[in-house]
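Visitor: Please read through the structure below; I'll follow up with questions.
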Amino acid sequence: MTPHPTTHLLTAVLAALLLSGCSSTPNQTPTPVETTAGRAPSPGVVGESGPTEGWVGADELHTTPSTVEAHPHEPPEDAQIVAAVTAASEFVVGWLTADQQLRRERLEGVAAEALIAAFDDPRFTPAAGTQHGPTHVIDADPMQITTRHRLDTGTAVDVTLILDPDSTYGWIAIAITP
């Protein structure tokens, strides 16, 4: 499946903004992500190479918010990673939903409106049926996280999320690439 041209444009704009922001001191500290009692993060393996690396599940993480000012080159806090992994996993579930209306409902709160619109065409066909295996974090900083999702077709997709305090989990998907 070839990504929609809008996805390429969003990715290019985001990359330019991130690169220009890395050379200066951030103006404000990102808002720490808080999980709500009604929606606990789903457990998932987070690591860079395989299920034996990293950590498993939210109950094994230290989630006390740090008072240290975040910098784009420092790794995000564990609670932020858990929230981003949860948002990315819910995005993939929504993205793989065949029913157009249900797909839109599932993507709201975890995907940027432009990305939702890209998949709002009635002719859109999901690339697979389900995600297969755990979600892996392949790149992370306090403002952007990229996760990798293996699909039941044997392929994988990467989901790029940015910090968005107004979204359901504090992170919102802005791009998906094969």
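The values are calculated or read from the model by the stated rules, or taken from the named source; none is laboratory data. Fair warning: this is a prediction, and the values are worked out from it, not measured in the lab. We place every Cβ from the backbone using ideal geometry, glycine too, and count neighbours over all the protein chains shown.
Visitor: Confirm whether VAL85 is touching a helix residue (DSSP H, G or I) at 6+ places or on another chain (Cβ under 6 Å), crowded, with 20+ Cβ neighbours inside 10 Å and either of a type in the set (A, V, I, L, M, F, W, C) or without any contact (Cβ under 8 Å) to a residue 60 or more places away in the chain (or both).
Guide: Against the criterion (touching a helix residue (DSSP H, G or I) at 6+ places or on another chain (Cβ under 6 Å), crowded, with 20+ Cβ neighbours inside 10 Å and either of a type in the set (A, V, I, L, M, F, W, C) or without any contact (Cβ under 8 Å) to a residue 60 or more places away in the chain (or both)), VAL85 does not qualify.
Visitor: Out of all the residues in the stretch 106-124, is one or more touching a strand residue (DSSP E or B) at 6+ places or on another chain (Cβ under 9 Å) and not hydrophobic (A, V, I, L, M, F, W, C)?
Guide: Yes, the conditions are met somewhere in the stretch 106-124.
Visitor: A further question follows. So which residues in the stretch 97-127 are among the aliphatic types (A, V, I, L, M) and within 19 Å of THR168 (Cα to Cα), if there are any at all?
Guide: Across the stretch 97-127, the qualifying residues are LEU102, LEU107, VAL110, ALA111, ALA112, ALA114, LEU115, ILE116, ALA117.
Visitor: Taking the stretch 101-127 only, how many residues are of a type in the set (Asp, Glu) and within 25 Å of VAL82 (Cβ to Cβ)?
Guide: 3
Visitor: Could you tell me which residue of the stretch 155-178 is farthest from GLN131 (Cα to Cα), considering only residues that are without any contact (Cβ under 8 Å) to a residue 24 or more places away in the chain and assigned to a strand (DSSP E or B)?
Guide: ASP158
Visitor: Among the residues of the stretch 141-153, write down those that are over 18 Å from GLY94 (Cβ atoms), of a type in the set (A, V, I, L, M, F, W, C) and assigned to a strand (DSSP E or B).
Guide: Correct list: empty.
Visitor: Under 8 Å between Cβ atoms, at least 6 apart or on separate chains: pull out the pairs that start in the stretch 88-103 with a residue that is farther than 26 Å from ILE145 by Cα and among the charged types (D, E, K, R) and end on any residue that is at pLDDT below 95 and not in a helix (DSSP H, G or I).
Guide: Correct list of pairs: empty, since none qualify.
Visitor: Quick one: count up the residues across the stretch 117-140 that are among the basic types (Lys, Arg) and either assigned to a helix (DSSP H, G or I) or in contact (Cβ under 8 Å) with a residue 40 or more places away in the chain (or both).
Guide: Total meeting the criteria: 0.
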